[in-house]
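For reference, the structure is listed below as C-alpha cells.
The values are calculated or read from the model by the stated rules, or taken from the named source; none is laboratory data. All of these numbers come straight from a predicted model, not from anything done at the bench. Heads up, the Cβs are rebuilt from the backbone with ideal geometry, glycines too, and the neighbour counts pull from every protein chain shown. To get the accessible areas, we keep the full protein, side chains included, count just its heavy atoms, and leave off ligands, DNA and RNA. Shrake-Rupley method; radii C 1.70, N 1.55, O 1.52, S 1.80 Å.
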Amino acid sequence: MVEQNLRIQTFTDIPSPEIFSSQIEPKNVPAVFKGCIKNWKAFSKWNPSNGGLIYLQERVGSVVVEAMLSRSAPVFYGDIRSHERVPLSFSIFIKYCLCLMENRDGRRDDRLESQKHSLAVSDAEQTDLLFGEAPQQFYLAQVPILNFEKKEHIQLECLGEDIQTPVPLETKSLASVNLWMNSMKARSSTHYDPHHNLLCVVSGCKEVTLWPPSATPYLYPLPLYGEASNHSSVTLEEPDLSVYPRAACLNGFSQKVVLHAGDALFIPEGWFHQVDSEVLTIAVNFWWRSMTISGMLEHMDAYYLRRILKRLTDKEMNKMLHFPSGSMDETMTSQPHNAYRVLFFYSLDHGHQGIRTNCGKKSSNDELRSKVMLQDLEPSASQSLNEVISLVHDRLNPRKLTGSTDNSCAGENDETNKRKEESCGINDDPVANLILTLHPLTIHSVFLAMAKNFPRTLEALMLHGLTPVGSEILTRKFEEMDQLISGEDQNQFYQVLYGVFDDQSAAMDALLNGKELFARQAFENVLDQYVGINLDGPKPQIK
C-alpha cells in the first residue's frame, strides 16, 4: 500500500514558481499539472491531426538526429545491450509518421502524398533502409532542443521558439530540454533519472507508472558499475520471481497517471518510472538539478555515503526484526549503551573478579540480588525464567552448564559457531523470539533471578546461547529497560549481571560480536538490495 505522504497530487490550477519551489518540489513526490502547456505554440502547431507533422518537417528539414533503435520494440530498454543510437534524418522519420497516419485513417490525403514524395527525392537510400527494417523500432528519445550543459549537441534548437518554460519552472536553472516522439506505441523500460523532470505531453497520450526510491530493492536496479545502473533488471509484465522474488511486492508501491495533450508531470529525481506512449505521441521534458544534488560538495561524498548506508542498514535491521522502521533512534545508536559504561567503570573499581572481590562487605548489589527469590517472582516472570533456562539447556550441551568458565564455557563446537555466524533471522531463533516477547521489566526480574539462582546458566546464555539476532534484541530490551528504571537501579542491575562472570570483558565481547554480526548481515542485505553488490558473489572484472 502506497504511503499517504507519497501519493501523487493533481493540480488543475498551475502553481506559481514560488509555490512550486516551496510546497511541491521539496516533498519529492510526483505531481500532475493539468493543462500546463496549452498556451504553447507547439500545442496547436505540432498536432499531427492538424498538419503538425508537415509543420515540423518545414521547421526542421533533413537535420540528422540521433534515434533509438530497438530490436525489442515496442519496449525500448535502457540497457545499452538492448538498443543502439543511430543517426536518422528527421525527414525520414516524419515521412514514416505520415504514412502511418494515412494507413490508420484509411484515406488518401493529397497534401500528405505530396509531402511524402518530396521527402523521398533527397532521402531515397535512407528511406529504403528505414522502411525495409521495421520502422516501428525507431524512437526519437531525448533529442535535445536546448542543452545548457553541452550546447554543442543541440539538434532541434529551431523548435525552441514553439515552447516556453512552464510557469512552475520559471525560476529554475534548467539543464536541458528534450523532444520525445514515437510513431508506433512504445514503452520505456523502468528507470529513474538523476535530475528532477517535468514531462509535458504536446500531442497524444502517455501512461506513466511510478515507484518511489524506497521501492528500489524490489526493482533490482542494474549494477552501479554498469552502463545502465539507473534501470531496473525486472521485466514487469512477467517478472521471473524465482530470480527476482522481491518483485512480487511491486504492485504495492506503484502508482499510475495518464497524461493527455497539455498535461505535465513532475517526476522527482530517483523515482522509478515506466512510460507507455500511444501512437504518434509527442512530448517535451525539462531537466534541472535538485537543491539536494546542487548542494552536495564533492569532498563530502564519502561522509554522505557512510551516513546513507548507516541509515539504510538501521532500517534493514528493524525490518529483519519485524520492527517499525523508525524504532531505532539514531542518537541511541551513536552513543555507548549504559550497560557498556557501567561495565567499564565497574571493572575499574573491582578488577576482573567482579563482586567476588568485595572484601566481605555486603554491597547494595548483594542486597539487590538477595531480594530476587524465586518464590517472589510474578507468575509471568517465573514462567519466562523457566522457558529461558529450558531453551538454554536445549541449545547447548548440558555439560557446559557446570563448572567454571575457564574450563567449561570457554569453547564452542563447530556447529554452535556456525549457528552463531549464520543465524541472523529471528524466525528460526527461539531464544531471541522469547526475549522479544518479554516486557523490559520482566527481563529485569528474570536476569536478576538467574544471577542469584542459576549463574552458570546465565553465563552460558550470554556467552554461547545468543545468536547475532538474540544479541541485538537483548541489548535493545536493555535500552528499553533503562527508560523505565532509575539511574541507580540501572547501575546496580548491570553490576549484578556482569558480576556473574569471571571474565566480564568476555561477556561484553560476546554481546558486541553478536550485534556486529547482525549489523553486518543487514549491511550486506542493503548492498545486495539497493546497490546490487553481493559480498559473497563474483566480483566485477576490471580490464
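Along the Cα-to-C-beta direction of Val2, a point sits 7 Å from the Cα; which residues of segment 15-39 have their amide N less than 15 Å from that point?
28-33
Can you order the peptides 26-33, 494-501 by their average number of other Cβ atoms within 10 Å per residue, highest first? Please report the intermediate quantities before stating the final value.
On the way: 26-33: 19.0, 494-501: 23.1.
In decreasing order of mean packing, 26-33, 494-501 become 494-501, 26-33.
Using the charge dipole of segment 222-330 (Lys, Arg: +1 at Cβ; Asp, Glu: -1 at Cβ; taken about the Cα centre), state which of Asn318, His260, Val284 has its Cα farthest towards the positive end.
Working it through, the farthest residue towards the positive pole turns out to be Asn318.
I want to check the label-to-label distance for Asp528 and Gln9. Put each point 7 Å from Cα in the C-beta direction and report it in nm to one decimal.
3.9
5 Å is the cut-off here: which amide hydrogens, built 1.01 Å from N in the peptide plane, fall below it relative to Ala67, excluding neighbours closer than 5 in sequence?
Close amide H contacts, sequence-distant or interchain: Val86, Leu88.
Along the charge dipole of segment 132-235, Cβ charges K/R +1 and D/E -1, which of Pro212, Ser183, Gln142 sits furthest on the positive end?
Value: Pro212.
Once you have the Cα-Cα distance between Glu387 and Ser214, take 0.36 nm times their residue separation minus that, and quote the gain in nm to one decimal. Could the numbers behind the result be given before it?
Numbers: separation 173, 0.36 × 173 = 62.28 nm, distance 3.92 nm.
Here the answer is 58.4 nm.
Send over a whole-number figure in Å² for the accessible area per residue of segment 198-267, probe 1.4 Å. Could you put the intermediate results ahead of the total?
Details: 2780 Å² over 70 residues.
Result: 40 Å² per residue.
Once each part is reduced to its C-alpha centroid, what is the distance from segment 1-46 to segment 163-233 in angstrom?
About 15 Å separates the Cα centre of segment 1-46 from the one of segment 163-233.
Taking the Cα-to-Cβ direction at Gln483 and at Leu374 and moving 7 Å from each Cα, how far apart do the two end points lie in nm?
3.4
Using a 7 Å offset from the Cα along the Cα-to-Cβ direction at both Asn433 and Asn39, what is the distance between the two label points in nm, to one decimal?
Taking the simple label geometry, Asn433 and Asn39 are separated by 6.4 nm.
Accessible area per residue, 1.4 Å probe, Å², for segment 438-530: what's the number?
Details: 2810 Å² over 93 residues.
Result: 30 Å² of accessible area for each residue.
For Ser505 and Leu309, calculate 0.36 nm times their separation in residues minus their Cα-Cα distance, and state this gained length in nm to one decimal.
Working: separation 196, 0.36 × 196 = 70.56 nm, distance 2.95 nm.
That works out to 67.6 nm of additional length.
Determine, from the Cβ-Cβ distance of Cys205 and Ser242 and an R0 of 51 Å, the FRET efficiency 1/(1 + (r/R0)^6), rounded to the nearest 0.05.
Working: r = 35 Å, r/R0 = 0.69.
Computed FRET efficiency for Cys205 and Ser242: 0.90.
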